[in-house]
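*Asks:* Structure in structure tokens, see below.
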Amino acid sequence: MAEIIQQIQKRMLVSLAQVAKKVGLREGDHVLIEERDGGIFIRPVGWHDKSQEYFWTKEWQDKMDRSLTALQEGRYQVFHSPEDLLRSLGEEAENADDNSN
């Protein structure tokens, strides 16, 4: 990306218009401003990090709600080793195959 040099305006304002379209910024969006390595870095975020948007979809939130309910109701298993977990998953797969016939 080409460098852009701008003059700081009154009240320390800087226009992002030249790069906003390229990074998908619109009026009302949020940005994270970080000071590091002697510079200022601006990154688009929502009220959550945009790289995590999938988590906030209805589908994922429904999965999280079901998981929380199962946890609160005690519907979970504890495994003491990875082997125990894999053995259990193998048994579940076998049972699913048996039930599909």
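*Asks:* Enumerate the whole-percent occupancy of each 10 Å bin, from 0 to the last occupied one, for all C-alpha pair distances of segment 57-99.
*Replies:* 25, 29, 43, 4
*Asks:* If you filter segment 1-32 for trypsin sites (Lys or Arg not before Pro), then keep DSSP loop positions with at most 16 other Cβ within 10 Å, what is left?
*Replies:* Sparse-neighbourhood loop trypsin sites (Lys or Arg not before Pro): 26.
*Asks:* Reachable lysines from residue 21, Cα under 21 Å, same-chain residues fewer than 8 places away excluded?
*Replies:* Filter leaves 50.
*Asks:* Please arrange 53, 73 by counting, for each residue, the other beta carbons lying within 10 Å of its beta carbon, fewest first.
*Replies:* The order, fewest Cβ neighbours first, is 73, 53.
*Asks:* Please identify the trypsin sites (Lys or Arg not before Pro) of segment 29-101 that satisfy two criteria: DSSP loop assignment and at most 16 other Cβ atoms within 10 Å. Which are they?
*Replies:* Passing sites in segment 29-101 are 75.
*Asks:* I've got another one for you. Test of understanding: express the Cα radius of gyration of segment 10-50 as a ratio to 2.2 N^0.38 Å, with N the residue count.
*Replies:* Numbers: Rg = 11.1 Å, N = 41, 2.2 N^0.38 = 9.0 Å.
Computed over Cα atoms of segment 10-50, the ratio equals 1.23.
*Asks:* Between residue 75 and residue 32, what FRET efficiency follows from the Cβ-Cβ distance if R0 is 41 Å, with the result rounded to 0.05? Could the numbers behind the result be given before it?
*Replies:* Working: r = 38 Å, r/R0 = 0.92.
It comes to 0.60.
*Asks:* Can you tell me the length gained on complete extension of the stretch residue 22 to residue 49, counting 0.36 nm per residue apart and subtracting the Cα distance?
*Replies:* Full extension of this stretch gives 7.9 nm more.
*Asks:* Just to be sure I follow: if Rg is taken over the C-alpha atoms of the chain and Rh is the Kirkwood radius over the same atoms, what is Rg/Rh?
*Replies:* Over the Cα atoms of the chain, Rg/Rh equals 1.26.
Every number here is computed from the coordinates shown, using simple stated rules; none is lab data. This is a predicted model, so every value here is computed, not measured. Note that we place each Cβ from the backbone using ideal geometry, even for glycine, and neighbour counts take in every protein chain shown.
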